[in-house]
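One structure is given here, and the rest of the page talks about it.
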Amino acid sequence: MDDAADKANGADGAQALASTPYDRAVAGFKNYWYPALGEREVGRHPKRMILLGEPIAFVRRGRKVYAVQDECPHRGARMSLGKDEFPGTDTLACRFHGWTFDLRNGACVAALTDGPDSPVVGKVRIRTFPTEQRKGIVWVWMGRGAPVPLEEDIPKLLLREDTLVKHRRRVVYGNWRYHAESGDGGHFQMLHRDSLVQLTNRFFAHLKDYAPVLTDEEGDDGPPYLVERTGGLARQAAYPGLGEWPPNRPWRFASQPYGRSVHGVSTIAAVRLPGLLRINHFPVVGALYYEWYVPIRDDAYVYFQASCHWPRNPLSRLITRLKWHAYWGPMKMGRFNDQDKAMVRDSTDLAKRRGHHSPTPLYRPDRYPLDWIAYANERARGAAREG
Amino acid sequence: MDDAADKANGADGAQALASTPYDRAVAGFKNYWYPALGEREVGRHPKRMILLGEPIAFVRRGRKVYAVQDECPHRGARMSLGKDEFPGTDTLACRFHGWTFDLRNGACVAALTDGPDSPVVGKVRIRTFPTEQRKGIVWVWMGRGAPVPLEEDIPKLLLREDTLVKHRRRVVYGNWRYHAESGDGGHFQMLHRDSLVQLTNRFFAHLKDYAPVLTDEEGDDGPPYLVERTGGLARQAAYPGLGEWPPNRPWRFASQPYGRSVHGVSTIAAVRLPGLLRINHFPVVGALYYEWYVPIRDDAYVYFQASCHWPRNPLSRLITRLKWHAYWGPMKMGRFNDQDKAMVRDSTDLAKRRGHHSPTPLYRPDRYPLDWIAYANERARGAAREG
Amino acid sequence: MDDAADKANGADGAQALASTPYDRAVAGFKNYWYPALGEREVGRHPKRMILLGEPIAFVRRGRKVYAVQDECPHRGARMSLGKDEFPGTDTLACRFHGWTFDLRNGACVAALTDGPDSPVVGKVRIRTFPTEQRKGIVWVWMGRGAPVPLEEDIPKLLLREDTLVKHRRRVVYGNWRYHAESGDGGHFQMLHRDSLVQLTNRFFAHLKDYAPVLTDEEGDDGPPYLVERTGGLARQAAYPGLGEWPPNRPWRFASQPYGRSVHGVSTIAAVRLPGLLRINHFPVVGALYYEWYVPIRDDAYVYFQASCHWPRNPLSRLITRLKWHAYWGPMKMGRFNDQDKAMVRDSTDLAKRRGHHSPTPLYRPDRYPLDWIAYANERARGAAREG
């Protein structure tokens, strides 16, 4: 084989390496429904967000929340600075020169600074994003064609009529994939052990025979999830020359509900596309917890957390809400999950120094990120960068 | 035609596209007089500014304000940290090793840390920029050769002996060209309508038969300006399916002095090189207002605003000054013009995402930026990047 | 000679220019001992620093301070977030998944989330950096192979048993080389003259017959230093057309101890590899002062200052400490030396604009930086970027 052929092969190899959907999904997988923000956050004045690299203006007209590209096709002015010049219609006018768009389909219906006979009317269109409002959350379809039904992408247990959903969102530094790869049961008792809310919990040493499995059905929560299966927990382990770990602590006495199911969901952790982690019995026994990593760009994402509760009566509903606002939200979804953020930051910075994303499979629990990546590569609809 | 020729043509085409003077003028047009700062801002201790990409130290010696490159030719230390080591002479000494320069011509006249016989004396020169002081403003010639007379570049009405000039400057994010392109009458009633100072003003809907014209004479304000000509104003317009616009508001009753001239200047808005907008009857009826976009670098510029007043007696002069400081300055030149800044930011960010500057002509009022760009391309003296 | 050859020569020439060790030492010279931080700053919880581009976690176990790469080989998590999971052993566990390393040699001795039989044990290693603790300072060997004896790199007078060492460190913007090049006696009376602590000092005009000399022995402070030699000081100089300089000031009466030696060190300023400046009689007559420029990256470095004192009895020892904390530290090592920082910033910014590091030899005192660069090029062990 000659030099040129060698070179070509080398290039092809590198190409192949960089051409998996997961590698390209630096800014997320497109053609999925994502949670954007709370219904109550959107009013008549638009709100700007960037999701999967796209600047988007969310705005309310009546009961309906619309989403349009936050960039006027004329001079690039933010539509989120725009105004409701024709109250009662579902339109939004750009603040700069008054180009007015129909929020339902993006058509330019007026150019106010050019008069009703402006030739631009009907010729220009702004991109719109399909939205749905369910459980107090505005969901947005981050894709080009017609959206799939919301139920395909959003957990069925969350959408159930009797489910009380509370949510919380933050912008976090780092690439979303490092968070998605870090949901393994392995890190739990290490990283989160000294979180204040875990003070009294008895921890285990490690999982035995760790084996993630891709399953199409668990409860009725909608397939497919990559779930964790283990051969049980080692309560304590002896490390030669180092000692027993974890150490016994008299104040760690509370046992955890491993194995008990919530509406048929019995696995502790499970992950699914486009980057959605499910945990059971969190933030409280009997609850289900979901978190989405909604990419903003290469090194930022929205950390969107939602917990599902099934209160039995109005009083227990009220108490659940109170506990959520006073304790679970700030202490569990806040401080506890902040510990993950530092890890995502470090992995992101390492990838920046190295110039590429590279989960290094080195020990047995790394089967989790590797299986997740394989699952994503096989089934993902499309990466954000692909157009 | 073969592949190589195709390629060459393509490259040439791209070259041609990027090679208009206006495209190259990312950091402004050189070989013009620009307003730099107020006379009172400059004292014996130098003041640093960056204009058209050049760091400049402004310093006063007696009544004269000098401008020199803010970079010692020895080790790059800022001359604006320099000292007046020989009071009574028009020199400035670098703070680092005492290289001392004659401010009148830039010649190195001493190297204090090397003694009077230093071989460097007379061999090294620092770049100087010609300056003029008129109407309380320091004007600087941003070019290499001999400057043109100040009167060629500064409006005659501003320089008139009986003119009272007040000025104001701010550093703004964005490329200066987006501001220069945005002076069209079209944006006025849209962007600025809900400014607090416009609360009681009756607005029009749009201009009719909008036609910018390049004129060599209007009043005695010095040619050439690109001025706006219109076939009149539409007071209100009916948009099918949307409604009348603008809506009638009982609190909007004040009429505006369209058509009345100020010292022969009757057009509302006019623009001229190197990036100077003139508005009449602003900030008050009977005044003339000028604003310069003095580039700092690709995405920052000095927004230099000056208003001209003709008070009839000392008392009206005093009242004009008071009103300027208490109201017109902060409310009209401040808050009102802040609305433009957001638009410049958005257009700049769009250009960054797209990788090139591209005014998109899409509707009739875009004749204004297009004619301005054509005018600049035909008549500009030189772009800052050309050397 | 044909075109291709011309081109090749040109490229070679540029290559040669950029390939001196000093040019490559943008982030410092490796294979040297550097001062990192104070012994008291390091405890059981690790402390993160970046030195010569390497993130390093410093951590104490008993009396010993260890340094390891601040990046877990698994997922890149900072080891400085790690925990002491096995108290009593010299180990550090990563916070993310519990990979535990022996701090003495970097071997992975446990992977807590995978159990005692984890196959990763013994197969993975984290980089460690040799350290020494002397005079209250943690010294770190920034190299790959076995370190040289500490005494080769650290001044002997500083390490002497009867020496009282006080130190201080700050992170400074700029490339370390501009600071190393600026220790010449020339800048002293110019840049530092109006420092408050110099208020009463009589200054000289300039050095005569300035001649840096590389010497292998001065006192017992350990070779080699580039020291300054002069033919004496000019007290005042007459500049034709400008005047006498420096001017006589009645409040500048204090003479300075030029020529008097401290433990055999009689030169005012001297510099040695890897970037260490020595000044005598600073911050007080009879003291020796050392400052290291410890590179962080291209445009940041740790400015590490240490002064050596020889108090004769416990009382004078106490007074020395008090004076250091109350006056010499903040006023002399703080404010006085801040004047140098602005110069380093300016030279760094100039290099960024020009795209390369370029000391411009233009007048006689520039022999100092040029001789220092030649000395470094001839004798330096290795640049940080070389691997």
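Which of the residues that make up region C:90-128 are small (G, A, S) and over 11 Å from C:H74 (Cβ atoms)?
Selection gives C:A93, C:G106, C:A107, C:A110, C:G115, C:S118, C:G122.
I need the full set of residues from region C:50-59 which are free of Cβ contacts under 8 Å to residues at least 60 places away in the same chain and surrounded by fewer than 22 Cβ atoms within 10 Å (Cβ to Cβ), in order please.
C:P55
Restricting to region B:119-138, name every residue that is surrounded by 16 or more Cβ atoms within 10 Å (Cβ to Cβ), away from every other protein chain (no Cβ under 12 Å) and over 30 Å from B:S307 (Cβ atoms).
Correct list: B:I126, B:T128.
Being without any contact (Cβ under 8 Å) to a residue 40 or more places away in the chain and within 25 Å of C:H356 (Cα to Cα) is the filter here; which residues of region B:60-70 pass it?
Listed by number, the list holds a single entry, B:D70.
Does region B:305-314 contain any residue that is touching a residue at least 60 places away in the same chain (Cβ under 8 Å), closer than 26 Å to B:L370 by Cβ and of a type in the set (S, T, Y)?
Scanning region B:305-314, I find no residue that is touching a residue at least 60 places away in the same chain (Cβ under 8 Å), closer than 26 Å to B:L370 by Cβ and of a type in the set (S, T, Y), so the answer is no.
When only residues in region C:97-118 that are open to solvent by 30 Å² or more (accessible area, probe 1.4 Å) and at the interface with chain A (Cβ under 7 Å from one of its Cβ atoms) count, which is nearest to C:L159 (Cα to Cα)?
It comes out as C:V109.
Looking at region C:262-271 only, could you name the residues that are farther than 18 Å from C:A211 by Cβ and either charged (D, E, K, R) or assigned to a loop (DSSP other than H, G, I, E, B) (or both)?
C:H263, C:G264
Criterion first (of a type in the set (F, W, Y) and surrounded by fewer than 21 Cβ atoms within 10 Å (Cβ to Cβ)) does A:Y327 satisfy it?
The answer is yes for A:Y327.
Going through region A:348-362 one residue at a time, which ones are hydroxyl-bearing (S, T, Y) and at pLDDT 90 or above? Quick ask: steps written out before the conclusion?
Step one: of region A:348-362, the residues hydroxyl-bearing (S, T, Y) are A:348, A:358, A:360.
Across region A:348-362, the qualifying residue is only A:T348.
Whether any residue in region B:310-319 is away from every other protein chain (no Cβ under 14 Å) and surrounded by 15 or more Cβ atoms within 10 Å (Cβ to Cβ) is what I want to check.
yes
Checking the conditions here, which among C:A269, C:A254 is open to solvent by 10 Å² or more (accessible area, probe 1.4 Å) and either touching a residue at least 12 places away in the same chain (Cβ under 8 Å) or farther than 30 Å from C:P55 by Cβ (or both)?
Of the residues listed, the single one that is open to solvent by 10 Å² or more (accessible area, probe 1.4 Å) and either touching a residue at least 12 places away in the same chain (Cβ under 8 Å) or farther than 30 Å from C:P55 by Cβ (or both) is C:A254.
Which residues, taken from region B:235-284, are small (G, A, S) and under 29 Å from the mean Cα position of the chain (by Cα)?
The answer is B:G259, B:S261, B:G264, B:S266, B:A269, B:A270, B:G275.
Please return the ranges of strands (runs of 3 or more DSSP E) entirely within region C:91-152 where 3 or more residues are over 21 Å from the mean Cα position of the chain (by Cα).
The strands (runs of 3 or more DSSP E) meeting that bar are C:91-93, C:99-102, C:108-111.
Here's a check for you: in region C:331-341, which residue that is crowded, with 17+ Cβ neighbours inside 10 Å and in contact with a Leu (Cβ under 9 Å, 6 or more places away or on another chain) is modelled with the highest pLDDT?
Here the residue is C:D340.
Looking only at residues that are part of a strand (DSSP E or B), touching a helix residue (DSSP H, G or I) at 6+ places or on another chain (Cβ under 7 Å) and over 17 Å from C:W328 (Cβ atoms) in region C:162-201, which one is nearest to the other protein chains (Cβ to nearest Cβ)? If you could, list the steps in order and put the result at the bottom.
At the first step, the residues of region C:162-201 found to be part of a strand (DSSP E or B) are C:164-173, C:201.
Filter once more, so that each one left must be touching a helix residue (DSSP H, G or I) at 6+ places or on another chain (Cβ under 7 Å): C:164-166, C:168, C:172-173.
Imposing the further condition that a residue be over 17 Å from C:W328 (Cβ atoms) reduces the set to C:172-173.
Numbers: C:V172: 16, C:Y173: 14 Å.
Result: C:Y173.
With respect to A:L362, is the statement that it is within 14 Å of chain C (Cβ to nearest Cβ), over 19 Å from A:Y173 (Cα atoms) and among the aliphatic types (A, V, I, L, M) true?
The answer is yes for A:L362.
Can you confirm whether region B:144-161 contains a residue that is free of Cβ contacts under 8 Å to residues at least 40 places away in the same chain, surrounded by fewer than 21 Cβ atoms within 10 Å (Cβ to Cβ) and within 14 Å of chain A (Cβ to nearest Cβ)?
Within region B:144-161, none of the residues are free of Cβ contacts under 8 Å to residues at least 40 places away in the same chain, surrounded by fewer than 21 Cβ atoms within 10 Å (Cβ to Cβ) and within 14 Å of chain A (Cβ to nearest Cβ).
Looking only at region C:373-387, which residues are open to solvent by 100 Å² or more (accessible area, probe 1.4 Å) and at pLDDT 90 or above?
C:E378, C:R379
Hey, can you tell me all the residues within region A:42-88 that are within 14 Å of chain B (Cβ to nearest Cβ) and either closer than 17 Å to A:V140 by Cα or assigned to a strand (DSSP E or B) (or both)?
Within region A:42-88, A:P46, A:R48, A:I50, A:G53, A:E54, A:P55, A:A57, A:R61, A:Q69, A:D70, A:S80, A:K83 meet the criteria.
Hey, can you tell me all the residues within region C:78-96 that are open to solvent by less than 10 Å² (accessible area, probe 1.4 Å), within 20 Å of A:M343 (Cα to Cα) and at pLDDT 95 or above?
Answer for region C:78-96, where residues must be open to solvent by less than 10 Å² (accessible area, probe 1.4 Å), within 20 Å of A:M343 (Cα to Cα) and at pLDDT 95 or above: C:M79, C:G82, C:L92, C:A93, C:C94.
I'd like the full set of residues that are more than 14 Å from the chain's Cα centre (by Cα) and surrounded by 15 or more Cβ atoms within 10 Å (Cβ to Cβ), limited to region B:162-175.
B:T163, B:L164, B:V165, B:K166
Select from region C:231-251 the residues that are in a loop (DSSP other than H, G, I, E, B) and open to solvent by less than 60 Å² (accessible area, probe 1.4 Å) and write down the one among them that is farthest from C:R364 (Cα to Cα).
The residue in question is C:P247.
Scan region C:213-227 and give yes if some residue there is touching a residue at least 12 places away in the same chain (Cβ under 8 Å), surrounded by 11 or more Cβ atoms within 10 Å (Cβ to Cβ), within 14 Å of another protein chain (Cβ to nearest Cβ) and closer than 30 Å to C:T163 by Cα, otherwise no.
The answer is no; no qualifying residue exists.
Determine which single condition A:A287 fails, assuming it passes every other condition in (1) at pLDDT below 90; (2) more than 16 Å from the chain's Cα centre (by Cα); (3) open to solvent by less than 20 Å² (accessible area, probe 1.4 Å).
(1)
Select, from B:R235, B:R260, the only residue that is within 14 Å of chain A (Cβ to nearest Cβ) and either touching a residue at least 12 places away in the same chain (Cβ under 8 Å) or among the hydrophobic types (A, V, I, L, M, F, W, C) (or both). Give the steps one after another, and end with the answer.
Numbers: B:R260 fails: within 14 Å of chain A (Cβ to nearest Cβ).
Checking each option against the conditions leaves just B:R235.
The values are calculated or read from the model by the stated rules, or taken from the named source; none is laboratory data. All of these numbers come straight from a predicted model, not from anything done at the bench. Neighbour counts run over all protein chains shown; Cβ positions are idealised from the backbone, glycine included. The area values use the complete protein model at the heavy-atom level, side chains included, leaving out ligands, DNA and RNA. Shrake-Rupley method; radii C 1.70, N 1.55, O 1.52, S 1.80 Å.
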